[in-house]
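Structure first, commentary second.
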Amino acid sequence: METDPRRAAHNDEIVETELTRHWLDDGERLLLGCPPVRAHVGALVGGRRHVPYAPARDLPAVRGDRPRWPLPVENLPAEDWTDDPTLGYWATADHADRIALRIADHLAASHGEARVVVTDRRIAVVYPTAVLAGAASGEVVDAPVFTTFEERDVEHLTALDAPFLGHSIPPRPVIAFHFTDGSQLYTRDVHAVLKVRRARDRAHAHR
């Protein structure tokens with residue numbers, strides 16, 4: 001995962017440019033484009049801890065071998081997940097079919113390639129099409145740059161926050177997504193506060 005602020009800022013510019021150019025619909029405004037986080041997902045589902053989290057359903061296959069990332073610390077309390085650098089995401093829900101867990105499924109199974117995107121119209125999980133195992137090799141005319149999954153109306157997102165979590169000094173910044181079904185998804189991001197503030201400003205600018 002990206003921890004250097006300058007490199008993270010450069011990656012943010014790339015993510016925003018590519019999504020704006022290749023993914024947004026006409027007239028749609030990007031609020032937040034998360035970079036891919038190459039780390040494990042943790043989850044608390046119905047009060048039960050799953051670390052690393054492994055989806056129970058079939059998901060898009062990604063090219064290449066599964067990354068050999070270090071495993072998370074065993075028995076680390078759920079509230080301290082940000083103190084384990086092998087965890088890039090955390091999801092909480094009362095049931096596996098909640099929105100945060102369905103998004104987390106892709107984040108856990110995509111080898112770090114999937115990312116979360118929020119616009120003034122929708123929230124979705126986005127993959128670069130080229131990383132999907134079913135994508136044609138080589139350059140294909142009119143092939144989409146990105147492929148979308150778990151797309152929902154943005155009204156399913158009730159709040160977007162940037163809390164500091166964990167007992168490390170300093171605590172770790174994360175982006176927190178809160179959904180209408182009561183589930184939450186958290187993603188590490190060194191510029192979480194800036195990105196959430198920018199997303200809110202963009203959302204309010206055209207109201």
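Numbers at a glance
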{"item": "Flag for A133 being within 25 Å of D65 (Cα to Cα) and open to solvent by 50 Å² or more (accessible area, probe 1.4 Å)", "result": "yes"}
{"item": "Filtered residue count, region 15-33, keeping only those that are among the small types (G, A, S) and either in contact (Cβ under 8 Å) with a residue 24 or more places away in the chain or at negative phi (or both)", "result": "1"}
{"item": "Matching residues in region 67-84 - criterion: being aliphatic (A, V, I, L, M) and either in a loop (DSSP other than H, G, I, E, B) or open to solvent by 70 Å² or more (accessible area, probe 1.4 Å) (or both)", "result": "L71, V73, L76"}
{"item": "Failed condition for R102, given (1) open to solvent by less than 30 Å² (accessible area, probe 1.4 Å); (2) outside any loop (DSSP other than H, G, I, E, B)", "result": "(1)"}
{"item": "Condition broken by H204, with the remaining ones in (1) surrounded by fewer than 16 Cβ atoms within 10 Å (Cβ to Cβ); (2) part of a loop (DSSP other than H, G, I, E, B) satisfied", "result": "(2)"}
{"item": "Selected residue (only one of D94, D142 is out of contact with any Lys or Arg (no Cβ under 8 Å at 6 or more places or on another chain), among the acidic types (D, E) and modelled with pLDDT of 95 or more)", "result": "D94"}
{"item": "Flag for V116 being among the aliphatic types (A, V, I, L, M), open to solvent by 30 Å² or more (accessible area, probe 1.4 Å) and modelled with pLDDT of 95 or more", "result": "no"}
{"item": "Qualifying residue in region 191-199 (condition: assigned to a helix (DSSP H, G or I), open to solvent by 70 Å² or more (accessible area, probe 1.4 Å) and within 19 Å of D12 (Cβ to Cβ))", "result": "yes"}
{"item": "V174 being aliphatic (A, V, I, L, M) and open to solvent by 20 Å² or more (accessible area, probe 1.4 Å)", "result": "no"}
{"item": "Selection from region 164-183 of residues that are closer than 18 Å to L44 by Cα and either polar (S, T, N, Q) or without any contact (Cβ under 8 Å) to a residue 40 or more places away in the chain (or both)", "result": "A176, H178, T180, S183"}
{"item": "Counted residues, region 5-55 - those being within 27 Å of V73 (Cβ to Cβ), open to solvent by 60 Å² or more (accessible area, probe 1.4 Å) and assigned to a loop (DSSP other than H, G, I, E, B)", "result": "3"}
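The values are calculated or read from the model by the stated rules, or taken from the named source; none is laboratory data. Bear in mind that the values here come from a model prediction, so they are computed numbers and not experimental data. A quick note on method: Cβ atoms are made from the backbone with ideal geometry, for glycine too, and the neighbour counts reach across all protein chains shown. Note: areas computed on protein heavy atoms with side chains; ligands, DNA, RNA excluded. Shrake-Rupley method; radii C 1.70, N 1.55, O 1.52, S 1.80 Å.
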